Amino acid sequence: MLIKFILPSARCILLLAALLAQYSEPSQATPYPAEYWARRPAISHVSLSPDGASLALLRITEKGANPVIEVYPTDDLKAVPFRVDADPMEIVEIKWVDDSNLIFLARQQVRKMVDGFNEGVYEFRIALVDLEERKIHGFNERDPSLVSTLPNKKNKILISFAEGTSGGVGAKLQEAFRPRAYWEFDLKTGSKKLLIRGKILLGNIDFDGDGNPALARGFDLASREYLWFWRPENTGEWKEFYRQSEDAFEEFRVFGLDPQVPGNLIVEANRNANTSGLWSFDPDTKEFTELLYHRNDVDICGVRYHSNEWEHPNLVSGVMHCKEKPTTEYFDPSEQALYAHIESLIPHAYYLRVAGRSRDGQTLIIRNSGPNDPGTHYLLHEGSLQLIGAERPWLDSGNLANVHYVTYAARDGEVIPAYVTVPKGNPPFPMVVMPHGGPFVRETVIFDEWAQMLANNGFLVLQPQYRGSKGYGQRFYQIAFSNGGQGGYKMQDDKDDGVAWAVADGLASSDRVAMFGWSYGGYAALVAASRTPQIYQCVIAGAAVTDPEMQVNYYRYRLRGRSKVEQLRMWDDSVAPINEVEQVNVPILLIHGTVDQRVPLDHAKKYRRALLRAEKDHSYLELKGADHFSNTLFFDHKLSLYSSILDYLSDDCGSETATSAANKKSISARDAPQL
């Protein structure tokens, strides 16, 4: 597909929220088999060389395979690519260093069992791909973090490693403040030079393009305060510019330099407001000088940097808020005009991102994703927009479901935001409530594989942003624990009241409702299984916290400051599913990975033993070699997971639908098209 591209003149465009579409749509005759949803993306990590002459991507060539690197000339995307395979390691990230070199990060499972809480089974290595010599240079550094590609230093990158032990003081701090050691790494020789070794007081550091320390964070043990430092240009002296008590819940985050006010920083802060805003901050006077953007309904959810990171590194060009969908309000008219014009060209444009841009600004890589687009990559080169490829080409956009942002009132009057994924056909639909994990995280639904898979099989999916969810201000977040933990109480009511809303609105059938969740979402599903009056026909609990006290004890000694208040108030008072087994009154499907480092397998085993003693109706699935996180769920894991979920909803939950019945007669795995 070729589309002529003409760069528009700069103009201001207000981004408007999309209108909700009608809930009724033509029915889909046959859902996709579980195998289609189990496949990992065919392509990912598409990136552009600084000169715009080459693009690189990761490609999975067949089911169950690991990704390989492919490099194409941007002048001919049909050319035979240069391929790199890291077998037996799995390549998980690639990044250009200069016009002819890129580095990749690879991982390999080195243990059969987890090595303690949050200590997984993988180790990581970095390697260099030299495109001129067509060679790969591997390095022995274990578990490095890439800090910077140092665009102004040829063949050099910055890497860092954690300092101290997992049980030390540093491990108890917020991650952005934990001390690290920073090294300049030579990609040609494999040697490294220590630049700075972080300490508790000043330990987590940001660098400029020349590898000079510029900003830093630390912790004052005496005053129990988090600290921020800057180092004025052409000086070697660190100056403190902000401090905040470790007990404070308000946000403070530095995004970069203020392009309009030399010497000022762009920061996120609450400043006693319920929701966070974007400010210009003078580090010299330690003053907030101008409020740049603020909303009363939601926090900001980040910034958008300039699309040309080679010429304008870390240049803030807009602020983002996430409600109906991620939306950017631009400060830079040229960037706003660029994105507005791209949006007019891309099919199903929803969440657009310039994933790479050449130094001269003339060649771009663009990625789009949204409810009707699982991810598609485009190349803008020599005035034309060309399709690079879709991440999931086997999923047709016409068979994907629309997502609507809604609000409803909980029984105590609290307004609960939610995302509703609506299947094809006419309501009322069978319904799955799918609460996010965390619980104290922000969720913005763009393309959700699980929700789309369920909707494709005829289920209405509700993803409630229950109290405690982040992004809606400090009050909404803190009411989940400020007066006692609400897990199993008001947080659970928020989910159940979403069912009542959907039924009253004619969207869902009250006799065909299930809950499915992972991590905290799995916890919520188990709580739902023991509630009365009972509104669910079954629950599916993945990687569930079944015993909150046991879970908190894994990390209780690490807690301090606001995280201690949050975690202990929440979990010491909330419902414990392990103590509610006798009250379970619906069938349960219990799922857990065997190497889960975040919620260890003992949770599932302990809960299952209790189910067996109480003679409760349940099924159990272990995912061998799966960790807690989605990037450790491979094809076989997901095929087993999705098949089990769909079969359970159809056969054991009393919620069989026309489409779930049709799924049993749908395309078989052997008939599915190959990647």
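The values are calculated or read from the model by the stated rules, or taken from the named source; none is laboratory data. None of these values were measured; they are calculated from a predicted model. Glycine also receives a Cβ, built like all others from the backbone with ideal geometry; neighbour counts cover every protein chain displayed. When the accessible area is computed, the model is the full protein with side chains, heavy atoms only, and any ligands, DNA or RNA have been set aside. Shrake-Rupley method; radii C 1.70, N 1.55, O 1.52, S 1.80 Å.
So here's what we get for this one:
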{"item": "Selection count where residues are open to solvent by less than 20 Å² (accessible area, probe 1.4 Å) and either more than 17 Å from ALA604 (Cα to Cα) or of a type in the set (A, V, I, L, M) (or both), scope segment 622-634", "result": "4"}
{"item": "Number of the exception - GLU70 against (1) assigned to a strand (DSSP E or B); (2) over 25 Å from SER630 (Cβ atoms)", "result": "(2)"}
{"item": "Hey, LYS638 over 30 Å from GLU250 (Cα atoms) and touching a residue at least 60 places away in the same chain (Cβ under 8 Å) or not", "result": "yes"}
{"item": "Criterion violated by GLY498 - all others in (1) closer than 20 Å to VAL586 by Cα; (2) touching a strand residue (DSSP E or B) at 6+ places or on another chain (Cβ under 9 Å); (3) open to solvent by 10 Å² or more (accessible area, probe 1.4 Å) satisfied", "result": "(3)"}
{"item": "Number of positions in segment 157-178 that are at pLDDT below 90 and touching a Gly at 6+ places or on another chain (Cβ under 7 Å)", "result": "6"}
{"item": "When residues of segment 635-675 are limited to those that are basic (Lys, Arg) and modelled with pLDDT under 90, the one surrounded by the most Cβ atoms within 10 Å (Cβ to Cβ)", "result": "LYS664"}
{"item": "Residue pairs meeting the criteria (Cβ under 6 Å; at least 6 apart or on separate chains; first without any contact (Cβ under 8 Å) to a residue 24 or more places away in the chain, in segment 484-508; second surrounded by 21 or more Cβ atoms within 10 Å (Cβ to Cβ) and part of a loop (DSSP other than H, G, I, E, B))", "result": "none"}
{"item": "Those strands (runs of 3 or more DSSP E) lying entirely in segment 286-384 with at least 1 residues modelled with pLDDT of 95 or more and either under 25 Å from PHE252 (Cβ atoms) or open to solvent by 40 Å² or more (accessible area, probe 1.4 Å) (or both)", "result": "287-294, 300-305, 316-322, 326-330, 351-357, 364-370"}
{"item": "Filter pass, ASN483 being out of contact with any Asp or Glu (no Cβ under 7 Å at 6 or more places or on another chain) and farther than 23 Å from GLU414 by Cα", "result": "no"}
{"item": "Cross-chain or 6+ apart pairs with Cβ under 7 Å, segment 195-213 first and part of a strand (DSSP E or B), then charged (D, E, K, R)", "result": "LEU195/GLU184; ARG197/GLU163; ASN204/ARG178; ASN204/ARG180; ASN204/ARG217; PRO213/ARG231"}
{"item": "Checking GLY116 against (1) buried (at least 20 other Cβ atoms within 10 Å of the Cβ); (2) of a type in the set (Gly, Ala, Ser); (3) assigned to a loop (DSSP other than H, G, I, E, B), the condition it does not meet", "result": "(1)"}
{"item": "Positions within segment 541-567 being touching a Gly at 6+ places or on another chain (Cβ under 9 Å) and farther than 30 Å from SER640 by Cα, in sequence order", "result": "TYR557, ARG558"}
{"item": "Which numbered condition ASP602 fails, given (1) within 20 Å of GLY116 (Cβ to Cβ); (2) crowded, with 18+ Cβ neighbours inside 10 Å; (3) at pLDDT 95 or above", "result": "(2)"}
{"item": "Count of segment 396-426 residues which are part of a loop (DSSP other than H, G, I, E, B), in contact with a strand residue (DSSP E or B) (Cβ under 7 Å, 6 or more places away or on another chain) and open to solvent by 40 Å² or more (accessible area, probe 1.4 Å)", "result": "1"}
{"item": "Test set (1) touching a Lys or Arg at 6+ places or on another chain (Cβ under 9 Å); (2) open to solvent by less than 20 Å² (accessible area, probe 1.4 Å) - ILE94 fails condition number", "result": "(1)"}
{"item": "Residues being open to solvent by 20 Å² or more (accessible area, probe 1.4 Å) and in contact (Cβ under 8 Å) with a residue 60 or more places away in the chain - total across segment 581-593", "result": "1"}
{"item": "Some residue of segment 551-567 being touching a residue at least 60 places away in the same chain (Cβ under 8 Å), under 26 Å from TYR122 (Cα atoms) and not in a helix (DSSP H, G or I)", "result": "yes"}
{"item": "Residues (out of contact with any strand residue (DSSP E or B) (no Cβ under 6 Å at 6 or more places or on another chain) and in a strand (DSSP E or B)) located in segment 131-145", "result": "LYS135"}
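For every residue, the table says whether it meets (1) among the hydrophobic types (A, V, I, L, M, F, W, C); (2) under 20 Å from ASP547 (Cα atoms); (3) at pLDDT 95 or above; (4) not in a helix (DSSP H, G or I).
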| position | (1), (2), (3), (4) |
| --- | --- |
| ARG475 | no, no, yes, no |
| MET491 | yes, yes, yes, no |
| LYS495 | no, no, yes, no |
| GLY498 | no, no, yes, no |
| GLY506 | no, no, yes, yes |
| ALA524 | yes, yes, yes, no |
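Residue by residue, here is whether (1) at positive phi; (2) open to solvent by less than 50 Å² (accessible area, probe 1.4 Å); (3) modelled with pLDDT of 95 or more holds:
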| site | (1), (2), (3) |
| --- | --- |
| SER27 | no, no, no |
| THR30 | no, no, no |
| ARG40 | no, yes, yes |
| LEU57 | no, yes, yes |
| GLY64 | yes, no, no |
| VAL68 | no, yes, yes |
| PHE82 | no, yes, yes |
| ASN101 | no, yes, no |
| GLN109 | no, no, no |
